[in-house]
Every structure is written in structure tokens, then in C-alpha cells.
Amino acid sequence: ATDGADPRSAAVTFVTTEHFVLQGARSATIAESNGRANMFLAAVSGGLVALGLVATASSLGSAFYGFALVLLPTLAFVGFVTFERALQSSIEDTEYARRIALLRGYYFGHAPEIAPYLLSVPPAERLLMQRVPGDRWQGYRTVAGMVAVITAVLAGSTAALAASLIFDHSPAAAAISGALVALPTMIAMIRYQDSTWERAATEPLRPGED
């Protein structure tokens, strides 16, 4: 609500500048998330190409298994790190969006005549997490979710390769070991992402805010 007085010019300048800065910060988080995902995918692509060349050169000999058991865990580790940072960036982006929603409340409060021209968000909804609503599969559609799936496959591939060596190249042992590692890893990462989003949604933007 407002008392009808026009806001001071300094306040308008501060608010619009803050809005511009927050928009820039959102762009930076999105660019970083996409950049990290692209680097991870490039590393996986290059690593798998190299693994294929080693497999051809060594005829699936000991050199192939040694190289794979170094490469795949390394790529999986890079995937875990990329997942965590992509998730952090998405949370940061949403926090900036929530702060922009606060500023929009200032705009509508002091200039209600602009409501027909801008998307008006009810006060009770301005501070909700501005995230695309979805079903239980929504977590797999995010950048972090995509990285989680690929990372889980890499972790499962590592387990399958190790089991193949231990159980005398048994396809059944490799398949079972890979599935027992890949599926729980993927589910755990997606659940971690969802719980992180839920915690972020309940955090107040301002000290003392419920």
C-alpha cells in the first residue's frame, strides 16, 4: 500500500538500478550453468572418443580396462561437481527472481495504473519460487537433472567395468552391477536437487521475514 505521495526520485533510481543489476546477475548465473554443462558434455564426449580409440588399438585388452577405470571415475567426479554447481546457480537465479518480484510490488504499489500493461502478480504469490511447475519428472528436465543422469550412467559404467574384470567378463555381473550403482545414484541426486529447492523455497529474503 502507499499513501498516495509520489516516490522520491532517488528511490525510483535506486529501485530501477537494483532491478537492472538483478537482471544482469540472473543472466550471469544462467550463462555459468550452461557453460559448465557444455564443458562437462565436451569432456564426456572427448573421453568416450578416446576410450573407443584405445579399445580399438588394444583389442579390449588390459590397456583398455586400465584406461577406462581411470577415465570413467574421473568423468563421474566432474559430473558430480558440475551437478552441484549447476544446482547452486539455479538456486541463485531463483533468489534473484524473488528479489525482482519484491521490486515489482513497489512498482505496482506506487503506479497502479501500469497494471493493465504488465503482468500483475498477487502479493501472496510474489515471493513464491519462480520455478516452472511440473510433476515428479520435473527434476530431470533441469540442467542439473541432465547432468545427474549422465553422471549416474558414468558411475554405473565404472561399476560394470570393474565387475566385468572381477567376475571373468560376465555380462550378467556387469549389467547387474551397473544398474545397482547407476539407478540409486541418479535417484539420490534428483532427490537431493528437489530437497535443495524445497529448502530454498522456505528461506526468507529478509531477516525476520516469515
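What follows is calculated from the coordinates using simple rules that are stated; it is not laboratory data. What you are looking at is a predicted structure, and each value in this text was computed from that prediction instead of being measured. Positions of Cβ are backbone-derived with ideal geometry, glycine not excepted, and every protein chain shown enters the neighbour counts.
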For every helix of n ≥ 4 consecutive DSSP H residues, a contribution of -39,500 (n - 2.57) applies; sum these over the chain, divide by its total residues, and give [θ] at 222 nm rounded to the nearest 500 deg cm²/dmol. -27000 deg cm²/dmol
For the chain, averaging the sequence separation of alpha carbon pairs under 8 Å that lie six or more residues apart and dividing by its residue count, the contact order in percent is 23 percent
Residue-wise, which Karplus ³J(HN,Hα) couplings in Hz belong to the stretch 71-76, taking 6.51 cos²θ - 1.76 cosθ + 1.60, θ = phi - 60°, and x for glycine or proline? 5, 4, x, 5, 5, 5
For GLU203 and THR16 in the same chain, what is the full-extension length gain: residue separation times 0.36 nm, less their Cα-Cα distance, in nm? 64.9 nm
What ranking do 63-76, 13-26, 151-164, 89-102 get when scored by the average of other Cβ atoms within 10 Å per residue, highest first? 151-164, 89-102, 63-76, 13-26
